[in-house]
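Visitor: Here you go, one structure.
The values are calculated or read from the model by the stated rules, or taken from the named source; none is laboratory data. Computed from a predicted model, the values in this text were never measured in an experiment. Here the Cβ positions follow ideal geometry from the backbone for every residue, glycine too, while neighbour counts run over all protein chains shown.
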Amino acid sequence: MRSLRLLIVVFLIALPVSYGLNVVASLKPTYDEYFALYTLGAAGLAERYFPSSTADILPGTQLSWQVAVYNHMEVVRLVKVEFKLLNLTMQGPDQVKEIPSQREPFYEETRLILSNETWTVPVAWSVRNATKGGNSTTIHSLEFNDQIITENVEISAFHGHSFRIVIELWVYNDGTGTFAFQWAANGDERVAWNQLWFNMTQTSLLPT
């Protein structure tokens, strides 16, 4: 009788433990979904974005960057990277409101990215034409990845300070059939973008 009681006690203790272990084993760990967008300098590092120690450039100054998108979603995704030229006063992307800059892109590239794949976009560019007038410097055209670009680049900055190239990640939405600046990850809406600032204050080579 004593042995029977002991057996019953052991069974009652082991039953919930065994059930708990089975439940834990059956749970699928949450997959941390995200995209990562980042820009590196000429050497593939977070440095040497500009030839000199300052971000003050002249027309013809050659710049080489590497823009990368890492897909940590569980499936292949179609993404687009947009490049926009802004000055200090123009509205850039809003991280809190999750809205992009309203400036139209001057350049974009699109690609399918596999899960856990990194897509690198080499960028080689320079200001092709800029002029100085009064207190401002105006950019008229860029040479960007062997293309001469004049559309959506005309922009002025006070004394040539605080131009910026904004880089935004757009993700294809299967539901709407369009690219969207917002994308869903683990049930939340997210956005990804970055920007690099530069000046054109040395006007010795700029026509007036």
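Visitor: Mind listing just one residue for me: the one in region 190-208 that is of a type in the set (Val, Ile, Thr) and under 22 Å from Phe158 (Cα atoms) and, of those, modelled with the highest pLDDT?
Guide: Ranking the candidates gives Thr201 first.
Visitor: Tell me whether region 131-145 contains one or more residues that are in contact with an Asp or Glu (Cβ under 8 Å, 6 or more places away or on another chain), closer than 30 Å to Thr30 by Cα and in contact (Cβ under 8 Å) with a residue 12 or more places away in the chain.
Guide: no
Visitor: Regarding region 167-189, can at least one residue be identified that is under 18 Å from Pro59 (Cβ atoms), modelled with pLDDT of 95 or more and in contact with a Phe, Trp or Tyr (Cβ under 9 Å, 6 or more places away or on another chain)?
Guide: no
Visitor: Look through Val69, Val123 and report the one residue that is touching a residue at least 12 places away in the same chain (Cβ under 8 Å) and in contact with a Leu (Cβ under 6 Å, 6 or more places away or on another chain).
Guide: Working: Val123 fails: in contact with a Leu (Cβ under 6 Å, 6 or more places away or on another chain).
None of the others qualify; the one that does is Val69.
Visitor: One residue is enough: does region 131-143 have a residue meeting the conditions loosely packed, with under 13 Cβ neighbours inside 10 Å and within 21 Å of Leu40 (Cβ to Cβ)? Explain how you work it out, then say what you get.
Guide: Going residue by residue through region 131-143, those that are loosely packed, with under 13 Cβ neighbours inside 10 Å are 133-135.
So of that shortlist, the ones also within 21 Å of Leu40 (Cβ to Cβ) come out as none.
Checked region 131-143: no residue is loosely packed, with under 13 Cβ neighbours inside 10 Å and within 21 Å of Leu40 (Cβ to Cβ).
Visitor: With the requirement that a residue be exposed (fewer than 14 other Cβ atoms within 10 Å of the Cβ) and either without any contact (Cβ under 8 Å) to a residue 12 or more places away in the chain or within 18 Å of the chain's Cα centre (by Cα) (or both), what does region 151-181 give you?
Guide: Applying the first criterion (exposed (fewer than 14 other Cβ atoms within 10 Å of the Cβ)) to region 151-181 yields 151, 154, 158, 174-178.
Residues satisfying the conditions are Asp174, Gly175, Thr176, Gly177, Thr178.
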